[in-house]
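*Asks:* If you scroll down you'll find the structure; I have some questions about it.
The values are calculated or read from the model by the stated rules, or taken from the named source; none is laboratory data. This structure is a prediction, so every number in the text was calculated from the model and none was measured. Using ideal geometry, Cβ is built from the backbone for each residue, glycine included, and neighbour counts are taken over all protein chains shown. Side chains are part of the model used for accessible areas, which takes the heavy atoms of the whole protein and leaves out ligands, DNA and RNA. Shrake-Rupley method; radii C 1.70, N 1.55, O 1.52, S 1.80 Å.
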Amino acid sequence: MKFKKRKRLVTYLSILDQPIRFNLFVFSRTFLLWALLGIIGGIIAGVYWIILEFLTHELSFFNNWKVIPLMACCGFLAGLVIHFIGDPGEIHLIVNNIRFNKGKLDSKNNPSMILSSLLCVASGGSLGPEAPLVQITGSTGTLFGKIFRLKGEELRSMSIAGMASGFTALFGAPLGGSLFSLEILHHKYAVEYYKAIMPALVASCFSYIIFALIVHLGLGPVWDLSAYEYSGIYDFAYAVLFALIGTLFGWVFIFCTKFFKYVFDKKPIPIYFKTLIGGFLLGIIAFYFPLTRYFGHHEINELLLGGFSLKLLISLLIFKIIAISITVTSGWRGGFIIPLFFVGTTLGLILHNLIPSINLTLAIVSCMAAINSCVTRTPMSTTILLATLTGFGHLIPILFASLTGYYLAPRIPFISSQSD
């Protein structure tokens, strides 16, 4: 047989040896799995949000002095749920499981997380629903991967995609939510799990659509800070300057949290007594400063429109940091990203009160970006999230502020599992 005929025969045999594919496009079975996970994540987030809004509305009638026994009772009930049903853990446990447990997030404690976080967030704790949603949808991604017999990086990617779908649903930012689910896992190598970026993006987009349909979410910023005009290259210097101040208060928050953790852990007591004491203290703070109650989703708009005095703003800044620290360390369940944005907003308003000539919008956004990046070590996703949530269309000043907060953060991270 001639050489050319042999070569042609080898080529044909090689072609026949490959599976015949009729799909002419890039998407495949895995795309459909990511999309289905996003749909399920959006449904979970939508139902959770509706229940949370209902409970928040019902419990909001307890105001004035009645907020103290209410928050103490809700804390006690949340502690009982955790004690008898199971401890769902906190964000550092999620990070550890993704990194060291082959990407598996256990769903057995989801009932405990759902019930305890609803009680904590709805009654007025200074933590938001983002961490519970990330835990619930992330573990749903793990369960989803096991059903379809995924292993290794495919299973890990499915868990990360589930986390992204939950985070995106709440914040309405598919790109920011996807990057956050990657950045939160490791502070030094932000693209360590880069293979999960496409699963996270696809799941986030479908989750966003479903969540928007369920809760009638519209497009546009949650907190309108779009009134900003670029005044020159010095705006970047101002952004860094404001970020330095924001980072300083990020350090204050971290050390305040460590102090209260030491206080609550000094003597071993049952979790329900911890949450009871935490609720009592949070109720007292909310009685004197009602704007510190809740996680800040609506309260940030009140701050922006309120025209508060400098003295009141300083009081709100101090006691909001204390309230978040108590909530985090006393066993209450929830996330601290939106509460940190509240702190950044308050700080920006204080700076504008002290120096009226500075740009208010730039000061607020820079402080928000810096303090969140300092604590969570997520500069890329923080930049995109804030641009989406505030309508601040100039990404570069936010990025400068985020990177300032990130690189000036304490060497020992706030989320302990982010350590190398």
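*Asks:* Would you check if there is a residue in the stretch 366-377 being more than 30 Å from Ser123 (Cβ to Cβ), open to solvent by 20 Å² or more (accessible area, probe 1.4 Å) and either of a type in the set (A, V, I, L, M) or in a helix (DSSP H, G or I) (or both)?
*Replies:* no
*Asks:* Okay, next question. Report, ordered by the first and then the second residue, all pairs with beta carbons closer than 9 Å, sequence separation of six or more or different chains, a first member in the stretch 153-176 that is on the phi > 0 side of the Ramachandran plot, and a second member that is assigned to a helix (DSSP H, G or I).
*Replies:* Gly172/Tyr208; Gly172/Phe211; Gly172/Ala212; Gly172/Thr388; Gly172/Leu389
*Asks:* Has the stretch 107-130 got any residue that is at pLDDT below 85, among the aliphatic types (A, V, I, L, M) and open to solvent by 10 Å² or more (accessible area, probe 1.4 Å)?
*Replies:* no
*Asks:* What's the number of the only condition in (1) part of a helix (DSSP H, G or I); (2) surrounded by fewer than 14 Cβ atoms within 10 Å (Cβ to Cβ) that Gly279 fails to meet?
*Replies:* Only one criterion in (1) part of a helix (DSSP H, G or I); (2) surrounded by fewer than 14 Cβ atoms within 10 Å (Cβ to Cβ) is unmet by Gly279, namely (2).
*Asks:* For Pro413, work out the one condition from (1) in a helix (DSSP H, G or I); (2) open to solvent by less than 20 Å² (accessible area, probe 1.4 Å); (3) under 28 Å from Phe264 (Cα atoms) it doesn't fulfil.
*Replies:* In the conditions (1) in a helix (DSSP H, G or I); (2) open to solvent by less than 20 Å² (accessible area, probe 1.4 Å); (3) under 28 Å from Phe264 (Cα atoms), Pro413 misses (1) alone.
*Asks:* When you go through (1) open to solvent by less than 20 Å² (accessible area, probe 1.4 Å); (2) out of contact with any Pro (no Cβ under 7 Å at 6 or more places or on another chain) one by one for Phe287, which number turns out not to apply?
*Replies:* Single failed check for Phe287: (1).
*Asks:* Mind telling me which of the residues Ile358, Ile398 ends up being part of a helix (DSSP H, G or I) and in contact (Cβ under 8 Å) with a residue 24 or more places away in the chain?
*Replies:* Ile398
*Asks:* Quick one: in the stretch 385-420, which of the residues that are of a type in the set (Val, Ile, Thr) and modelled with pLDDT under 90 is nearest to Thr361 (Cα to Cα)?
*Replies:* Filtering the stretch 385-420 for residues that are of a type in the set (Val, Ile, Thr) and modelled with pLDDT under 90, the one nearest to Thr361 (Cα to Cα) comes out as Thr390.
*Asks:* Considering each residue of the stretch 54-68, count those that are closer than 11 Å to Phe287 by Cα and either surrounded by fewer than 17 Cβ atoms within 10 Å (Cβ to Cβ) or at pLDDT 90 or above (or both), and give that number.
*Replies:* Residues meeting the conditions: 6.
*Asks:* Across the stretch 142-158, which residue is modelled with the lowest pLDDT among those that are open to solvent by 30 Å² or more (accessible area, probe 1.4 Å) and part of a loop (DSSP other than H, G, I, E, B)?
*Replies:* The selected residue is Lys151.
*Asks:* All but one of (1) open to solvent by 20 Å² or more (accessible area, probe 1.4 Å); (2) in contact (Cβ under 8 Å) with a residue 24 or more places away in the chain hold for His352; state the number of the condition that does not hold.
*Replies:* Failed condition: (2).
*Asks:* Which residues, taken from the stretch 255-276, are aromatic (Phe, Trp, Tyr) and either within 15 Å of Ile68 (Cβ to Cβ) or open to solvent by less than 40 Å² (accessible area, probe 1.4 Å) (or both)?
*Replies:* Phe260, Phe264 - these are the residues of the stretch 255-276 that are aromatic (Phe, Trp, Tyr) and either within 15 Å of Ile68 (Cβ to Cβ) or open to solvent by less than 40 Å² (accessible area, probe 1.4 Å) (or both).
*Asks:* Further, regarding this structure: Evaluate the stretch 369-381: report whether one residue or more is under 14 Å from Tyr228 (Cβ atoms) and in contact (Cβ under 8 Å) with a residue 12 or more places away in the chain.
*Replies:* Yes, the stretch 369-381 contains at least one residue that is under 14 Å from Tyr228 (Cβ atoms) and in contact (Cβ under 8 Å) with a residue 12 or more places away in the chain.
*Asks:* Among the candidates Ala173, Ala196, Ala200, Ala161, single out the residue that is closer than 14 Å to Thr388 by Cβ and either at pLDDT 90 or above or in contact with a helix residue (DSSP H, G or I) (Cβ under 6 Å, 6 or more places away or on another chain) (or both).
*Replies:* One residue alone meets the criteria, Ala173.
*Asks:* When you scan the stretch 275-289, do you find a residue that is within 28 Å of Ile398 (Cα to Cα) and under 26 Å from the mean Cα position of the chain (by Cα), even just one?
*Replies:* There is no residue in the stretch 275-289 that is within 28 Å of Ile398 (Cα to Cα) and under 26 Å from the mean Cα position of the chain (by Cα).
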